[in-house]
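Novice: Here it is, the structure in full.
The values are calculated or read from the model by the stated rules, or taken from the named source; none is laboratory data. No experiment lies behind these values; they were computed from the predicted model shown. Note: ideal-geometry Cβ built from the backbone for every residue, glycine included; neighbour counts use all protein chains shown. These area figures cover heavy atoms from the full protein model, side chains too; ligands, DNA and RNA do not enter into them. Shrake-Rupley method; radii C 1.70, N 1.55, O 1.52, S 1.80 Å.
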Number of protein chains: 2
Amino acid sequence: MGRSPGSLRAGCPERRNRLKRIAFLLGAVITVAAVVALPPRASGHPDEEASPIYGVTIPHGYRDWKLIAVKRLFFAGKGEQLRAQLGNDIAIRAFKEGTLPFPDGAVIAAIHWTEVTSQDNNKVLDVPFPGTQSFVIGSPVNVQFMVKDSKKYASTGGWGFADFKDGKPGDKALHQTCFPCHIPAKDRDYVFTRYAP
Amino acid sequence: MGRSPGSLRAGCPERRNRLKRIAFLLGAVITVAAVVALPPRASGHPDEEASPIYGVTIPHGYRDWKLIAVKRLFFAGKGEQLRAQLGNDIAIRAFKEGTLPFPDGAVIAAIHWTEVTSQDNNKVLDVPFPGTQSFVIGSPVNVQFMVKDSKKYASTGGWGFADFKDGKPGDKALHQTCFPCHIPAKDRDYVFTRYAP
């Protein structure tokens with residue numbers, strides 16, 4: 001028994017709706033499959049490179065972390081550097097509470113800049129304090145990170161290391177020097193920096 | 001026409017309720033009046049001393065503010081100092097966006113420490129970088145604040161100043177030197193410090 005023309009036209013909107021629903025579901029399934037199939041992303045900037053050996057990427061927002069301390073370095077043959085160590089909340093809490101070892105999830109950032117003389121400051125300071133010299137930040141050199149994960153980084157004291165210059169990680173040879181350099185600080189969970197009062 | 005005993009007893013709960021409401025309202029009015037009559041509290045720690053001239057107290061939680069920059073000072077006759085400038089959110093946003101003048105509510109903290117040699121660090125750094133010397137924070141010297149309020153501090157470029165040592169503000173003579181010292185930075189809203197990248 002054939003359909004009457006009237007009933008055929010009446011059936012079309014329903015069929016179109018059904019096809020739309022099928023298309024929508026198909027699209028959703030394909031999207032989910034695509035996301036699931038993506039390789040796992042490292043923490044931080046998913047599309048940025050990670051440090052060799054440790055796989056550490058630049059943590060989001062590290063520049064806005066709280067201050068641990070400040071340091072100066074006279075690098076023989078290279079000049080002066082000004083340095084700041086910043087910590088995420090887990091690291092800062094551990095520093096303040098004297099918690100050792102640092103808990104998993106603690107991250108310490110060490111930002112390094114060149115140091116330059118500040119003529120403006122010197123002119124001002126020289127008036128009340130003759131001979132005083134002021135040195136301020138010049139330009140970025142590199143930024144280093146220590147990430148605590150006692151399982152993942154068990155063979156290096158629980159810490160993963162990273163050294164970035166202009167957003168790019170250093171090479172493997174550089175990263176092979178990180179942990180051995182920190183071994184002398186073993187009694188303080190391999191961390192040299194002390195929290196500044 | 002007198003009230004019957006029955007009606008008197010019936011009237012008492014209503015009267016008690018009315019009295020309770022009056023007492024409550026009276027108490028509320030007295031409380032509000034007391035609060036309004038209190039002298040205005042300076043920001044920060046209400047019971048701590050404020051800086052002379054400007055009335056600035058130590059802002060709560062300044063040690064956990066975000067980092068603006070790091071500086072080193074060679075103080076003729078006094079030795080080296082390591083310094084960090086931290087900012088509250090209003091100040092940090094202004095630095096990042098290059099906003100001048102700084103908005104009201106911006107506060108900049110400048111923490112000063114002595115600098116000491118780090119033998120531990122030197123031993124470690126000398127291996128890969130012979131002759132390198134590391135200088136770390138020794139002990140606190142003082143902490144200074146600049147508070148932006150363009151109306152309250154109109155006569156000093158919109159800034160209130162404070163210098164604290166061991167939690168105590170310096171004397172009036174010291175605070176009289178703050179603004180004149182900052183005048184050379186007038187084209188940057190009297191702020192010397194630049195945001196470190």
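Novice: Condition test on residue A:76, is it at pLDDT 95 or above, more than 14 Å from the chain's Cα centre (by Cα) and facing chain B (nearest Cβ under 10 Å)?
Specialist: The answer is no for residue A:76.
Novice: In segment B:125-158, which residue that is of a type in the set (Val, Ile, Thr) and without any contact (Cβ under 8 Å) to a residue 12 or more places away in the chain is nearest to residue B:113 (Cα to Cα)?
Specialist: Checked segment B:125-158; the qualifying residue nearest to residue B:113 (Cα to Cα) is B:132.
Novice: Considering only residues that are touching a Ser or Thr at 6+ places or on another chain (Cβ under 7 Å) and within 10 Å of chain B (Cβ to nearest Cβ), which ones fall in segment A:139-149?
Specialist: Within segment A:139-149, just A:139 meets the criteria.
Novice: Would you check which residues across segment A:109-124 are without any contact (Cβ under 8 Å) to a residue 40 or more places away in the chain, open to solvent by 20 Å² or more (accessible area, probe 1.4 Å) and under 33 Å from the mean Cα position of the chain (by Cα) and list them?
Specialist: Within segment A:109-124, A:114, A:116, A:117 qualify.
Novice: Would you confirm whether any residue within segment B:144-157 is at pLDDT 95 or above, closer than 14 Å to residue B:85 by Cβ, polar (S, T, N, Q) and surrounded by 15 or more Cβ atoms within 10 Å (Cβ to Cβ)?
Specialist: Within segment B:144-157 (the criterion being at pLDDT 95 or above, closer than 14 Å to residue B:85 by Cβ, polar (S, T, N, Q) and surrounded by 15 or more Cβ atoms within 10 Å (Cβ to Cβ)), the answer is yes, since at least one residue qualifies.
Novice: Taking the stated definitions as given, is residue A:171 among the acidic types (Asp, Glu), surrounded by 15 or more Cβ atoms within 10 Å (Cβ to Cβ) and closer than 21 Å to residue A:75 by Cβ?
Specialist: So residue A:171 fails the test.
Novice: Then there is this: Out of everything in segment A:82-138 that is β-branched (Val, Ile, Thr) and assigned to a loop (DSSP other than H, G, I, E, B), what residue ends up being farthest from the other protein chains (Cβ to nearest Cβ)?
Specialist: A:99
Novice: Return a yes/no flag: does segment B:46-53 have any residue that is modelled with pLDDT of 80 or more and open to solvent by less than 30 Å² (accessible area, probe 1.4 Å).
Specialist: yes
Novice: Quick one: count up the residues across segment B:53-73 that are hydrophobic (A, V, I, L, M, F, W, C) and more than 7 Å from chain A (Cβ to nearest Cβ).
Specialist: Number of matching residues: 5.
Every residue, every condition in (1) assigned to a helix (DSSP H, G or I); (2) more than 15 Å from residue A:121 (Cα to Cα); (3) touching a residue at least 24 places away in the same chain (Cβ under 8 Å), yes or no:
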{"residue": "B:160", "(1), (2), (3)": "no, yes, yes"}
{"residue": "B:163", "(1), (2), (3)": "no, yes, yes"}
{"residue": "B:181", "(1), (2), (3)": "yes, no, no"}
{"residue": "B:184", "(1), (2), (3)": "yes, no, no"}
{"residue": "B:190", "(1), (2), (3)": "no, no, yes"}
{"residue": "B:194", "(1), (2), (3)": "no, no, yes"}
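Novice: Is there any pair linking a residue in segment A:54-74 that is more than 17 Å from residue B:114 (Cα to Cα) to one that is in a helix (DSSP H, G or I), with Cβ under 6 Å and at least six apart or on different chains, and which?
Specialist: A:66/A:92; A:66/B:64
Novice: State all residues of segment B:177-187 that are touching a helix residue (DSSP H, G or I) at 6+ places or on another chain (Cβ under 7 Å), at pLDDT 95 or above and not aromatic (Phe, Trp, Tyr); if no residue qualifies, say none.
Specialist: Once the filter is applied, which keeps residues that are touching a helix residue (DSSP H, G or I) at 6+ places or on another chain (Cβ under 7 Å), at pLDDT 95 or above and not aromatic (Phe, Trp, Tyr), segment B:177-187 yields nothing.
Novice: Determine if segment B:161-176 includes at least one residue that is closer than 20 Å to residue B:68 by Cα and either at the interface with another protein chain (Cβ under 8 Å from one of its Cβ atoms) or modelled with pLDDT under 95 (or both).
Specialist: Looking through segment B:161-176, none of the residues is closer than 20 Å to residue B:68 by Cα and either at the interface with another protein chain (Cβ under 8 Å from one of its Cβ atoms) or modelled with pLDDT under 95 (or both).
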